[in-house]
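Participant: Could you have a look at this structure, given as structure tokens, before my questions?
The values are calculated or read from the model by the stated rules, or taken from the named source; none is laboratory data. Predicted model only: the values in this text are computed from it and were never measured. Quick reminder, even Gly has a Cβ in these numbers, built from the backbone with ideal geometry, and neighbours come from all protein chains shown. Please note that ligands, DNA and RNA were not included when accessible areas were found on the heavy atoms of the full protein model with its side chains. Shrake-Rupley method; radii C 1.70, N 1.55, O 1.52, S 1.80 Å.
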Amino acid sequence: MRNATDFETLFTSLLTELGDVLPRDAVDLIETQARLVHAERPDLDIPEVVQIARDVLKGNRHEAPFILAQMKAEHAQAVAEVAESRARLDSLVRIEEAFPELERLEARFPGRTTAAQMLADAGHTWDDFGLTEADGVLFQELLDEHITS
């Protein structure tokens, strides 16, 4: 069937008949896939187009659980990355709030190789400044980065 008008007329008729026995979503899915097949292979007759569309949809149905599992894994990774970014941002906010006090403490205990050593020598902990150990590690990384740049 090489005539596009003939194809369209017969295909529309087929879709109407399918609409009488299938849910609208199913008909829409078949139509979309069959039109993709027809666009690639306009030389095929309606039965061939519909068979290829059916085979593609059937294959998609079998692949769906694997695709869904992959999407869930990607979503979980994205959620974890957002949580990590949020935690880093929260840590930076706490460091910014504590920085003036830490700077004053450093002036009283200069020359220490690490911020943790300065705190220990001063008899303080990160917690005394509203910081966690992880905040302290990030603070030291920022100090080291500042010194090397």
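Participant: Have a look at 64, 78, 83, 53 and point out the one that is closer than 30 Å to residue 14 by Cβ, among the small types (Gly, Ala, Ser), surrounded by fewer than 12 Cβ atoms within 10 Å (Cβ to Cβ) and under 35 Å from the mean Cα position of the chain (by Cα).
Facilitator: 64
Participant: While we're on this one: Please determine, by comparing only the residues of region 4-22 that are loosely packed, with under 10 Cβ neighbours inside 10 Å and of a type outside the set (A, V, I, L, M, F, W, C), which one is farthest from residue 55 (Cα to Cα).
Facilitator: Step one: filter region 4-22 for residues loosely packed, with under 10 Cβ neighbours inside 10 Å, giving 5, 20-21.
Subset that is of a type outside the set (A, V, I, L, M, F, W, C): 5, 20.
Values: 5: 25, 20: 22 Å.
Across region 4-22, the extreme among qualifying residues is 5.
Participant: Would you be able to say whether some residue in region 117-125 is open to solvent by less than 70 Å² (accessible area, probe 1.4 Å), under 35 Å from the mean Cα position of the chain (by Cα) and at pLDDT 90 or above?
Facilitator: No; the residues of region 117-125 include none that is open to solvent by less than 70 Å² (accessible area, probe 1.4 Å), under 35 Å from the mean Cα position of the chain (by Cα) and at pLDDT 90 or above.
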